[in-house]
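Notes to accompany the following structure.
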Amino acid sequence: MNDPVENAKRLAAFKAVDNHVVDGVIGIGSGSTVVYAVERLAQRVKDEGLEVICVPSSFQAKQLIIQHDLKLGDLEMNPYLKVTIDGADESDHMLTLIKGGGGCLTQEKILASCAEEFVVIADYRKASTHLGEQWTKGIPIEVIPSAYRVVYHKIDKILGGKSELRMSGSSKAGPVVTDNGNFILDWNFDGVKDWKEVETTLNMQVKIPGVVENGLFVGMARKAYFGMSDGTVMERNV
């Protein structure tokens, strides 16, 4: 693989699947790095006879599971997961994550919360010391469509920074709509924050009604694999 970024994604994904997947129910996250995780998982099922049921976080993840002939499950029938493997838009040194660049933050956070172990896979561009060093598009916040203006103003008033309604590309007019039928605000912040406090504030319906979920994952991941440009894999633990 000639592309160093794609090779880095593949290295991280393969190592995570090899180190953490055993028989049982597996949460499958979303994004470009997860493509390689599903590829490796399918190979292990074929070669080793692993017995796994895969629960997707998005339409994309569901299609990947189906395309690789893996067993498809859902949280209604499988509410307890052995491990969830997912990517991240950025991770700081404490494995606090920004997720939701692809719009699946709510389902991704649900899967992460249901797993005994939440493992992050990413390439070297996603590893930072502090959030905001690499990912400059802000923290995604899923909101009820009718409340987006209310949420927009309240976030800016309470937390500062600036929020923007995420819009679709030129081929489609209007805002991005999530799998849940909601809108996404991207909150651009300044400086280093107490991310647990920010996450709690964003989800307090008394202060900011209309928020469904936010893309801050605080204290959820315990292990991350970052594929590096030199062909190695950097591991972070907390």
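Structural remarks
- Answer residue from region 194-209, given it is assigned to a loop (DSSP other than H, G, I, E, B) and either touching an Asp or Glu at 6+ places or on another chain (Cβ under 6 Å) or touching a residue at least 24 places away in the same chain (Cβ under 8 Å) (or both) and is most open to solvent (accessible area, probe 1.4 Å) among those: LYS207
- Within region 53-64, no residue that is in the same structural domain as LEU81 (by the TED database) and modelled with pLDDT under 95 sits with its Cβ atom under 6 Å from a residue that is crowded, with 18+ Cβ neighbours inside 10 Å and of a type in the set (Phe, Trp, Tyr) at 6+ positions apart or across chains.
- Filtered by the rule that a residue be among the charged types (D, E, K, R) and farther than 17 Å from SER128 by Cα, region 202-232 gives LYS207, GLU213, ASP230.
- Taking residues in region 210-238 that are within 30 Å of PHE183 (Cβ to Cβ) and assigned to a strand (DSSP E or B), and partners anywhere that are of a type in the set (Phe, Trp, Tyr) and at pLDDT 95 or above, the pairs with Cβ atoms closer than 7 Å and at least 6 places apart or on different chains are LEU216/TRP195.
- Conditions (1) in a helix (DSSP H, G or I); (2) open to solvent by 60 Å² or more (accessible area, probe 1.4 Å); (3) modelled with pLDDT of 95 or more: number failed by ILE158: (3)
- Selection status of GLU164, under 23 Å from SER30 (Cβ atoms) and assigned by the TED database to the domain that holds VAL34: no
- Any hit, region 138-154, residues being out of contact with any Asp or Glu (no Cβ under 9 Å at 6 or more places or on another chain), open to solvent by less than 20 Å² (accessible area, probe 1.4 Å), in a helix (DSSP H, G or I) and outside the structural domain of MET94 (by the TED database): yes
- Criterion: within 16 Å of the chain's Cα centre (by Cα) and more than 19 Å from GLY138 (Cα to Cα) - qualifying residue of ILE98, ILE85: ILE85
The values are calculated or read from the model by the stated rules, or taken from the named source; none is laboratory data. In this text, all values refer to a predicted model and were calculated from it rather than measured experimentally. Heads up, the Cβs are rebuilt from the backbone with ideal geometry, glycines too, and the neighbour counts pull from every protein chain shown. In case anyone asks, the SASA skips ligands and DNA or RNA and just uses the protein heavy atoms, side chains included. Shrake-Rupley method; radii C 1.70, N 1.55, O 1.52, S 1.80 Å.
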